Amino acid sequence: MRVLLIEDEPDLGAAIQRTLTQEAYIVDWVQDGSEAWGYLESQWTQYTLAIFDWLLPGLSGVELCQRLRAKNSALPILMLTAKDRPEDTAAGLDAGADDYLVKPFRKIELLARLRALQRRSPHFQPQQLQVGQLTLDYGTHNVSIANEGQAQSVLLTHKEFQLLEYFMQHPRQIVSRDQILNQLWGSEADTISNVVAALMRQLRRKLFDQGCNDAIETIYGIGYRLNLDHE
């Protein structure tokens with residue numbers, strides 16, 4: 001689940017990013033409205049949710065909403081603002097925001113509102129994703145492997161879970177290293193890092209230890225592919 005966070009207050013933005021990352025969201029954090037529009041204009045379909053601050057350098061959150069809706073985007077948007085008058089709420093919703101959260105707010109309320117928006121998202125995911133032997137449960141954040149009639153649980157880190165989820169969403173498709181970097185780290189991706197190779201080794205080892213052998217194939221010079229029976 002990938003979120004675009006647009007918040008120019010460094011402390012608040014860092015706190016929101018940390019909270020969402022702990023909940024297994026992938027977060028692209030931008031602090032300028034004009035820069036954010038560059039993300040939205042070119043890749044809004046890559047996001048599950050967006051969080052806009054109202055007052056931003058460059059384009060405001062309201063202007064971003066209006067531009068996005070003019071492109072017929074259905075991306076769910078949560079607007080953050082210190083403006084708490086009813087007319088301000090109405091203005092934000094009329095601009096295209098799906099929900100409105102007044103600062104200061106508690107972490108529990110932010111997460112609940114995002115879950116509600118996610119259920120309305122055109123990219124809403126089912127409770128479970130199953131491909132071949134593998135079952136990924138979004139509610140419990142658990143992965144299990146069916147082996148000889150028994151289900152073996154696999155303990156994965158957040159990034160390992162996100163990597164396996166990405167492969168299971170694209171079974172038998174070749175996925176490049178750059179695609180994985182962009183999907184799991186977004187704007188923080190380091191193009192010279194070997195983090196993908198290291199994460200791949202960890203995931204393969206954990207799958208292998210539970211009897212899921214050679215699940216992820218390396219296509220040399222191109223990328224990786226999940227080779228499971230997903231019919």
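Rule-based calculations on the coordinates, nothing more; no lab input. Keep in mind that what you see is a predicted model, and the values were worked out from it rather than measured. Reconstructed Cβ throughout: ideal geometry from the backbone, glycine too, with neighbour counts over all protein chains shown.
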Which listed residue, of ALA36, ALA74, is aliphatic (A, V, I, L, M), touching a residue at least 24 places away in the same chain (Cβ under 8 Å) and touching a Pro at 6+ places or on another chain (Cβ under 7 Å): ALA74
Those residues of segment 37-77 which are under 16 Å from the mean Cα position of the chain (by Cα) and either assigned to a helix (DSSP H, G or I) or of a type in the set (D, E, K, R) (or both), in sequence order: TYR39, LEU40, GLN43, TRP44, THR45, GLN46
Do we find that LEU80 is touching a residue at least 60 places away in the same chain (Cβ under 8 Å), buried (at least 21 other Cβ atoms within 10 Å of the Cβ) and not hydroxyl-bearing (Ser, Thr, Tyr) in this structure? yes
Give the residues of segment 140-166 that are in contact with a helix residue (DSSP H, G or I) (Cβ under 7 Å, 6 or more places away or on another chain), within 18 Å of LEU226 (Cβ to Cβ) and outside any strand (DSSP E or B), sorted by residue number. LEU156, LYS159, GLU160, GLN162, LEU163, LEU164, TYR166
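Each row is one residue, and each column tells you yes or no for (1) under 22 Å from GLN210 (Cα atoms); (2) crowded, with 19+ Cβ neighbours inside 10 Å; (3) among the hydroxyl-bearing types (Ser, Thr, Tyr).
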{"residue": "ASN147", "(1), (2), (3)": "yes, no, no"}
{"residue": "SER153", "(1), (2), (3)": "yes, no, yes"}
{"residue": "MET168", "(1), (2), (3)": "yes, yes, no"}
{"residue": "GLN179", "(1), (2), (3)": "no, no, no"}
